[in-house]
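One structure is given here, and the rest of the page talks about it.
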Amino acid sequence: MTLKIYIDGVEGTTGLQLKQRLLSHSEVQILDIDYNKRKNLKHKLDKFSNVDLIFLCLPDQDAKLMVAEIEKNFGSTKVIIDASTAHRISDGWVYGFPELQRMQRKQIKQSNRISNPGCYPTGALALIRPLVDNKIISNSSLLVINAISGFTGGGKKLIEFFSKNEKDKFYHYSTFLDHKHNQEIKHYSLLDKSPVFCPSVGSFPQGMAISVPLHYDWFSSNAKGKDIFELFKDNYSSEPLVTINELNSKDHLTDNGFLSPEVLIGTNFIDISIFSNDKSGQIWLISRLDNLGKGASGAALQNMNLRFGFDENLGVCL
């Protein structure tokens with residue numbers, strides 16, 4: 001079976017990386033795109049009629065309009081994987097984070113509407129959801145998420161800004177606590193209230209780190225760092241793309257004791273580090289991933305593989 005694919009928005013950051021990965025995939029054919037007609041609706045619909053799968057790598061509003069046109073012309077027969085934020089918590093769409101919970105893969109395999117997760121939510125949910133599912137923290141927990149991403153996560157404008165800016169190397173943003181990923185994180189973490197989400201961007205192209213600090217006092221049991229480590233190790237034991245580093249391990253730190261957000265560039269892996277201090281009763285959970293890999297195009301390809309019965313990890317890394 002050769003899968004026929006159209007990438008709508010192939011010229012964007014996610015679209016370009018997705019195409020690069022797909023070019024090495026042995027089971028797909030990417031339909032050629034006439035660049036001058038890439039925004040011509042009739043041209044795209046003609047292309048869509050001959051494909052098995054449509055990837056949408058578009059701004060939110062454009063993605064919504066395109067889904068409406070696809071359903072108007074083809075009903076629900078075409079498989080869509082949407083990389084935008086538009087449909088991540090929408091009815092009728094399956095959330096494309098296979099590692100989220102036990103039934104997630106089955107849902108992805110059976111759906112024609114798959115919404116690719118955001119990069120920040122992927123890292124945040126990998127840390128929070130096991131704690132909620134295993135009742136270590138309650139749904140009413142009030143959490144804080146700190147995160148930093150490479151500038152490619154902000155698209156063309158941010159890439160251009162950092163490419164020209166030689167002075168400032170780091171920024172906090174969404175300081176009014178209105179980041180568009182808040183809803184997604186709250187929804188799939190099963191929390192009653194959105195965590196305080198504090199994102200930042202640094203002067204490096206790719207990679208990201210998401211951290212959740214916790215007090216032992218917040219736990220519903222007498223769990224300590226070792227217990228949380230064992231929980232995560234067990235939770236992700238069958239997940240080949242998730243690595244749980246040893247508790248308080250220095251192996252992944254630099255000689256200066258730093259933990260870099262850039263280590264997984266070009267991959268589709270999630271790396272989780274757990275640091276705890278039993279004396280202070282505190283724990284610090286940190287996930288790392290490639291914001292354009294597992295945080296975008298790599299995840300989209302993983303979802304495609306699942307949906308069409310290929311090896312789940314085929315082509316997901318550059």
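The values are calculated or read from the model by the stated rules, or taken from the named source; none is laboratory data. Keep in mind the model is a prediction, meaning the values are calculated, not measured. Reconstructed Cβ throughout: ideal geometry from the backbone, glycine too, with neighbour counts over all protein chains shown.
Some observations on this one:
- Pairs where the first residue, in segment 252-263, is within 15 Å of M208 (Cβ to Cβ) and the second is in a loop (DSSP other than H, G, I, E, B) and aromatic (F, W, Y), C-beta under 7 Å, 6+ apart: E262/F204
- Candidates in segment 160-183 are the residues that are touching a residue at least 12 places away in the same chain (Cβ under 8 Å), within 11 Å of V201 (Cβ to Cβ) and not basic (K, R); of these, the one that is surrounded by the most Cβ atoms within 10 Å (Cβ to Cβ) is F162.
- Taking the listed residues L23, L65, the one that is surrounded by fewer than 20 Cβ atoms within 10 Å (Cβ to Cβ) and at pLDDT 95 or above is L65, with no other qualifying.
- For segment 184-199, the set of residues classified as more than 18 Å from K135 (Cβ to Cβ), surrounded by fewer than 20 Cβ atoms within 10 Å (Cβ to Cβ) and of a type in the set (A, V, I, L, M, F, W, C) consists of V196, C198, listed by residue number.
- Applying the criterion of being free of Cβ contacts under 8 Å to residues at least 24 places away in the same chain and part of a loop (DSSP other than H, G, I, E, B) to the residues of segment 87-123, the residue that is farthest from V144 (Cα to Cα) is Q110.
- Condition check for V144 on (1) touching a strand residue (DSSP E or B) at 6+ places or on another chain (Cβ under 7 Å); (2) surrounded by 18 or more Cβ atoms within 10 Å (Cβ to Cβ); (3) touching a residue at least 60 places away in the same chain (Cβ under 8 Å): one failure, at (2).
- The test for being over 23 Å from G155 (Cβ atoms) and outside any strand (DSSP E or B) does not hold for K294.
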